[in-house]
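First the structure, in the form of structure tokens, and then the observations on it.
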Protein chains: 2
Amino acid sequence: MIFQELLGAELPVIQAPMAGVQGSALAVAVSNAGGLGSLPAAMLGMDALRKELAALRSQTSKPFNVNFFCHVPPEPDVTREDAWRAALAPYYAEYGIDAGDTPPGSARVPFAREAADLLAESQPPVVSFHFGLPSPELMEEIRRWGGRILSSATTVAEAVWLERHGVDGVIAQGLEAGGHRGSFLSEDLDSQMGTFALVPQIVQAVRVPVLAAGGIADARGVAAAMRLGAAGVQIGTAYLLCPEATTSPVHRAALKSALTRRTALTNLFTGRPARGILNRIMKELGPMNPAVPEFPLAASAMAPLRARAESFGSGDFSPLWAGQNSTGCREIPAAELTRDLARFTG
Amino acid sequence: MIFQELLGAELPVIQAPMAGVQGSALAVAVSNAGGLGSLPAAMLGMDALRKELAALRSQTSKPFNVNFFCHVPPEPDVTREDAWRAALAPYYAEYGIDAGDTPPGSARVPFAREAADLLAESQPPVVSFHFGLPSPELMEEIRRWGGRILSSATTVAEAVWLERHGVDGVIAQGLEAGGHRGSFLSEDLDSQMGTFALVPQIVQAVRVPVLAAGGIADARGVAAAMRLGAAGVQIGTAYLLCPEATTSPVHRAALKSALTRRTALTNLFTGRPARGILNRIMKELGPMNPAVPEFPLAASAMAPLRARAESFGSGDFSPLWAGQNSTGCREIPAAELTRDLARFTG
């Protein structure tokens, strides 16, 4: 009931925002089914964000979530970027790519005034953040229309910090989770806990509702997470094969293979640790590599390799984001999956 | 019910065998309370094992478990051991220890004929293994008196291997677990999953009962693990403060402090990755260090440092084994803890 009161959705399932593999279509399907659909805005320009928000508003009357990153953009570091391109040079050569062609910078921008103004027009009921929180002023904007604010914690210390800074709920992101670790107080991967250890400790440490994320793949997982004290769950990986997701063909193929049994945290694709299926570039240069440019600058150097390899049907250079439990991935409509996930708890 | 039928204990809780921090006293208390107490035999000589088995037989009529390692002992590598002692030299100097005084080798021996003969006398109802399984001939000895055989899996592949080699149940050891990873097919730490991801995948992959381990600290955790499909659980960390455990004063102090929030897998103490509370030597030389002698040979070089530091009340060089969730550690009798852990599921 806490989940429903807080976030307005009927079923205690948040579809995790997954930048790059979904847009409003997945969010709409989940929200209309009674879960909380999420629009990942981290890689959207303002025009695209406006369109996606309009699509959500016109296609569902149910609550939905819009997610932003709020990292501090790094100073560009040409030396480091050049060194990283040099490390990738053999791969560029293999694919006949001119390293000079790779654009610098990254499409990922943190939440800022312009996006907040756009949000104010469509007033999403829930706004979630990754990598901390935006300024108190920007949070105040969201509160003005009654928007609920969530953010991810990967440690107990981060959960306590988020509560102090006014979130309405904490997403406890266990180490099993796919995609980017939401860490913002520490870069120490040793401090990252599995869901089974993290959720109860965060539940004990904060008073706001806790949403469990990481390794939850089916209705039993949802029930188990709630048994640990979570008010609900956030699930990403299980949605990756839904027709409404824009998951690429190489990513879909990997998710349907036994490769899902070996995932790792890697910083090769963006500069921050994120969990994906182990592929060639992760094996050969990583999965973690200290020479990688800072988040999100690392992304541009890999982009042309990824594009070229994918055009040949290869995921060798693609971020094949996935959590440690892909057993819930099914090629069924997101609405059906959502209802199924909540069947013991809805 | 599967747990009870398989292992004979009333409550679906196995007290994890923890070599170095407990003997028969803890096992007796847990078994008499209705759980499955475990005697860790990995560091016991044959005389000590005989005595401990006699103590168990005389103090409980309930089922109990005896645990052995079954690693393949490495060839001694003098060059490597010397190099490692050289790496530790500054610490030896700090404590005025003569490096020549540290005995080579290790007290940890794998399960073999002699121990099997001893077991045959006391016929423990359950025998569990870490690091794989002993030879089919030795397993046959255990079956002769109806002993049930368990072993730990840290990946789906290991669980399938164990089932094929005839175990009666698989302990799914999530990454959260304290002490040694039970890995035996792969040394790749990236393949190690959190409990939330591992348990359901192993449950799906094998037909024998699965016991969940890692991050389970209280009755809600036990219930959650069983919701994921486990037949029962194996819990270690929560027992470390019980009066029946022989946990050292520095270890107890660390477990009662906020230090428990930072654990890591380290190979510094034995040569194999094991989870413990982050301490000085782990920070300064690890937590993982590729120069460490092979398991279990690494133990001897650290032993004198540990002894000396502990005599000054310092745990800087001690293996402070603990899982990622120490919230269940309480200074109460093990019987009370066992009944409490099973209060939603017993």
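Structure above, values below:
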| item | result |
| --- | --- |
| Qualifying trypsin sites (Lys or Arg not before Pro) for segment B:23-103 [loop in DSSP, other Cβ within 10 Å: at most 15] | none |
| Rel. contact order, % - alpha carbon contacts under 8 angstrom, at least six apart, chain B | 21 percent |
| Unsatisfied cross-links (Cα-Cα over 28 Å) in the set A:Lys256/A:Lys283; A:Lys283/B:Lys283; A:Lys283/B:Lys256 | A:Lys283/B:Lys256 |
| Alpha carbon convex hull of segment A:118-234, volume per residue in cubic angstrom | 105 Å³ |
| Share antiparallel - DSSP beta bridges, chain A, percent rounded to 5 | 20 percent |
| Calculated FRET efficiency for the pair B:Arg343/A:Ser58, C-beta based, R₀ 51 Å, to 0.05 | 0.50 |
| Cα extents of segment B:206-328 along the three principal axes, largest first (Å) | 44, 31, 23 |
| Calculated [θ] (222 nm, deg cm²/dmol) that DSSP helices of n ≥ 4 give over chain B, each run adding -39,500 (n - 2.57) | -11000 deg cm²/dmol |
| Average projection area in nm² (convex hull over Cα atoms of segment B:276-346, one quarter of hull surface) | 7.0 nm² |
| Additional length obtainable on full extension of the chain from B:His165 to B:Asp98, 0.36 nm per residue less Cα span | 19.5 nm |
| For B:Thr246, distant residues with modelled amide H under 5 Å away | B:Gln22, B:Gly23 |
| Of every Cα-Cα pair in the protein assembly as shown, the percent that sits beyond 51 Å | 13 percent |
| Whole-Hz couplings from phi, Karplus 6.51/-1.76/1.60, listed for segment A:220-226; x for Gly and Pro | 5, x, 4, 5, 5, 4, 6 |
| Alpha-carbon centroid distance for the pair segment A:84-145 / segment B:211-235, whole angstrom | 39 Å |
| Principal-axis tilt of helix B:195-205 within chain B, Cα atoms, nearest 10 degrees | 50 degrees |
| Once the Cα gyration tensor of segment B:173-224 is diagonalised, semi-axes √(5λ) in Å | 19, 15, 9 |
| Axis-nearest residue of B (beta carbon) for the B-onto-A rotation, whole Å | B:Gly194, 1 |
| Order of B:Arg339, A:Arg343, A:Arg207 - criterion: other Cβ atoms within 10 Å of each residue's Cβ, fewest first | A:Arg207, A:Arg343, B:Arg339 |
| Rg in Å to one decimal, and Dmax rounded to a whole Å, for segment B:1-88 via C-alpha atoms | 17.2, 54 |
| Value in Å of the Kirkwood radius, where segment A:182-275 supplies the Cα pairs that are averaged | 15.3 Å |
| Computed P(r) (all Cα pairs; segment B:63-155; 10 Å bins; percent) | 14, 35, 20, 19, 12, 0 |
| Whole-angstrom gap from segment B:155-191 to segment A:285-342, using each part's C-alpha centre | 26 Å |
| Segment B:141-188: chymotrypsin sites (Phe, Trp or Tyr not before Pro) in DSSP loop, at most 14 other beta carbons within 10 Å | B:Trp145 |
| Over chain A - Rg/Rh using Cα atoms and the Kirkwood inverse-distance radius | 0.95 |
| Semi-axes of the equivalent ellipsoid for segment A:135-187, Cα gyration tensor, largest first, Å | 22, 12, 9 |
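No value in this document is a laboratory result; all are computed from the given coordinates. In this text, all values refer to a predicted model and were calculated from it rather than measured experimentally. Virtual Cβ from ideal backbone geometry, glycine too; neighbours counted across all protein chains shown.
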